[in-house]
Ligand code: MN
């Protein structure tokens, strides 16, 4: 792959319909390279697989495209590509289209978003795409989201992104009313501990959140809009620095 290309990954695994839809959509912009986890890595966070072997296998997607299946996390797919496993850098890294939304405090859990954050660490513009439909199983279910991805990517390729910054894009189920640029909202998790003998599981209902706070990602999706949130890797709580400085911490 010598021409400038787009690198596609996800966290639902190399066999996911959303990956296929996104890879297919990115062909509109030229060459596409697919490097994705061999198995579902949803909610793996920004995991770096150290101190163990990582299997790498060439596979063929349902549309005939070649892909690399990596026995690691979504972020591994990007960092391994950057270390020389694949031609690098690409023009752009896209991650998704995730089965289910990634908003508010989901971001550090999300393999979809952290793959894009790894792209930002590697100084490549990166965008994460998630569809707010946990039952989306077929490529056709991702058709509208794939069109949204093309709209966003066209702009990112033209305008670039600032350092350490990604776009986190969530697409509502159904036909979007439009696009809103948003900030992170506030999630409310409904996880529950379920005991079974000597093991435990995390179960419970899907998370909800504060849906009526205008301008947040949660609000936009609840209202039927595409949500585009610029995310920065500097997680410093800038507004709290002065307070902590005022504590007079001394040894
Ligand atoms: Mn996922």
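Every number in this text was worked out from the coordinates using simple rules, so none of it is lab data. This structure is a prediction, so every number in the text was calculated from the model and none was measured. For neighbour counting, all protein chains shown are included, and Cβ atoms are generated from backbone atoms with ideal geometry for every residue, glycine included.
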Across the range 128-170, what fraction of all alpha-carbon pairs, as a whole percent, falls in each successive 10 Å bin from zero upward? 25, 48, 21, 5
Treating every alpha carbon of the range 126-251 as one equal point scatterer without solvent, the Debye formula yields log10 I(q)/I(0) values at q = 0.11, 0.16, 0.22 Å⁻¹ of -0.56, -0.93, -1.27
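I'd like the FRET efficiency for residue 15 and residue 248, computed as 1/(1 + (r/R0)^6) with the beta carbon distance as r and R0 of 45 Å, rounded to 0.05.
Working: r = 56 Å, r/R0 = 1.24.
Taking R0 as 45 Å, the efficiency between residue 15 and residue 248 is 0.20.
Please work out how much length the chain gains when fully extended from residue 66 to residue 147, using 0.36 nm per residue of separation minus the C-alpha to C-alpha distance, in nm with one decimal.
Working: separation 81, 0.36 × 81 = 29.16 nm, distance 2.20 nm.
Between residue 66 and residue 147, full extension yields an extra 27.0 nm.
If R₀ is 35 angstrom, what is the calculated FRET efficiency for the pair residue 236 and residue 49, using the beta carbon separation as r and rounding to 0.05?
Values: r = 27 Å, r/R0 = 0.77.
Once the sixth-power term is evaluated, E becomes 0.85.
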When the gyration tensor of the chain is built from Cα positions, what are the square roots of 5 times its three eigenvalues, in whole Å, from largest to smallest? 28, 22, 21
Separation of alpha-carbon centers, the range 105-180 and the range 1-27, rounded to whole Å: 12
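For an R0 of 22 angstrom, estimate the FRET efficiency from the Cβ-Cβ distance between residue 28 and residue 105 and round to the nearest 0.05. Could you put the intermediate results ahead of the total?
Values: r = 33 Å, r/R0 = 1.51.
Efficiency, from the Cβ-Cβ distance: 0.10.
Can you put 238, 232, 5 in order, fewest other beta carbons within 10 Å first? Please report the intermediate quantities before stating the final value.
Values: 238 7, 232 13, 5 20.
In order of increasing Cβ crowding within 10 Å: 238, 232, 5.
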Sorted by Cβ neighbour density within 10 Å, fewest at the top, the residues 51, 129: 51, 129
Using a/c under 1.5 as the rounded threshold, could you call the range 139-199 rounded, prolate or oblate? The axes a ≥ b ≥ c are square roots of the C-alpha gyration tensor eigenvalues, and prolate needs a/b larger than b/c, oblate otherwise. prolate
